[in-house]
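Beneath this line is the structure, given in structure tokens, with notes to follow.
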Amino acid sequence: MAGEWRVRDKEYRGGRIRTGDHSLPKRVRYQAALHPEHADYGRIGRLMSTTDDLAADAARLAEGCDGLGLPLTPEALTRLILLRDLLYEANAVMNLTRVPVSGYVELHCLDSLLICQAVDMRRVRTVMDLGCGAGFPGIPLKIMWPHLRVVLVDSTLKKLRFAGDACGKLGLSGIRTVHGRAEERIGELVYRSDLVVARAVAPMARLVPWLAPYIKPGGRAVAYKGADIEGEMREAGPVIARSSLELEAVVPATLPGSGIVRNLVALRRPVAPTGPGTRARR
Ligand code: SAH
């Protein structure tokens, strides 16, 4: 859609953006550079209309990453902000997230990145995000650690399509979507992932058998959980053992900037199978 838009008190009409136009905000120029085919003034105008707090969100992101000990590159910052704009632009016409835009930095970005407190992401190569919804935590993980190969899986096509489109618009490669239900054993993904992540998908007792088949021997799964997980973990104990996994750690983590407490539940698939009926050979 071409149209007339006001950015920093200057009016723009439809047409292509010049990345060297320094009268435009930096993020708009980044957007144009990252993905030239979407860089028309009409689109940028629509994005700008959702983004009154750009500077504040960028600062909170930078501060939050600092608090997590994560270096935030200009590319990552730009992509996380563009993801916000894409998400809330789409959320206006379909139901993707209930988190308001004011909570995006903490509840979507920093929450996704909290995983660095449980796993050294530099040593992970393949990630599956089970029940990714609109792409969380998978897309922020890919943005922050670009070396990752990520598969986003969800049973809801509408959300998955958004996630796939967003990755394209953000200029990300090495991230793809697979539509399916985890419990229906998605053959091409079995035993493929160094790390399976799941946020807000199901209680542990239900989630563990869903994610178990996708973890490589020697790999891990991390479930993003809230503060109160005692009951859930009690129920999950026998399920974890039956799935030939080990509970590696429950890592409490505090969301920078908000004080909200999370628990990251890390499970591991041993290199040699363990569990009822199997014994290590001597
Ligand atoms: N992880 C995202 C979305 C959470 S909502 C976030 O934290 O924002 C839970 C998502 O899990 C939904 O999109 C739903 O479609 C998906 N889901 C639930 N059960 C599933 C299953 N068995 N297999 C695949 N996806 C599932």
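Read the figures in this text as sums done on the coordinates, not as results from a lab. All of these numbers come straight from a predicted model, not from anything done at the bench. Methodologically, a virtual Cβ is constructed for each residue, glycine included, from the backbone with ideal geometry; neighbour enumeration extends over all protein chains shown.
Please verify whether Arg181 is free of Cβ contacts under 8 Å to residues at least 12 places away in the same chain and under 30 Å from Leu157 (Cα atoms), treating the condition exactly as stated.
No: the conditions fail for Arg181.
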Among residues of the range 200-242, those that are of a type in the set (Ser, Thr, Tyr) and over 24 Å from Arg123 (Cα atoms), counted: 0
Give the range 184-202 a look and list any residue that's farther than 10 Å from Ser155 by Cβ, outside any loop (DSSP other than H, G, I, E, B) and within 9 Å of the ligand (Cβ to nearest atom), or say none. Val197, Ala198, Arg199
Those residues of the range 159-183 which are surrounded by fewer than 21 Cβ atoms within 10 Å (Cβ to Cβ) and in a strand (DSSP E or B), in sequence order: Arg176, Val178, His179
From the option list Gly164, Gly103, single residue qualifying as in contact with a strand residue (DSSP E or B) (Cβ under 6 Å, 6 or more places away or on another chain) and farther than 12 Å from Tyr224 by Cβ is Gly164
Applying the selection to the range 167-180, what residues are within 13 Å of the ligand (Cβ to nearest atom) and either farther than 14 Å from Met128 by Cα or in contact with a Cys (Cβ under 7 Å, 6 or more places away or on another chain) (or both)? none
Is it fair to say Met204 is surrounded by 22 or more Cβ atoms within 10 Å (Cβ to Cβ) and farther than 13 Å from Cys132 by Cβ? yes
Out of the residues in the range 108-153 that are within 9 Å of the ligand (Cβ to nearest atom) and in a helix (DSSP H, G or I), which is nearest to the chain's Cα centre (by Cα)? Gly138
Flagged pairs (Cβ under 7 angstrom, 6 or more apart or on separate chains; first in the range 89-108, farther than 16 Å from Thr156 by Cβ; second within 12 Å of the ligand (Cβ to nearest atom) and in a helix (DSSP H, G or I)) are Val99/Leu107; Val99/His108
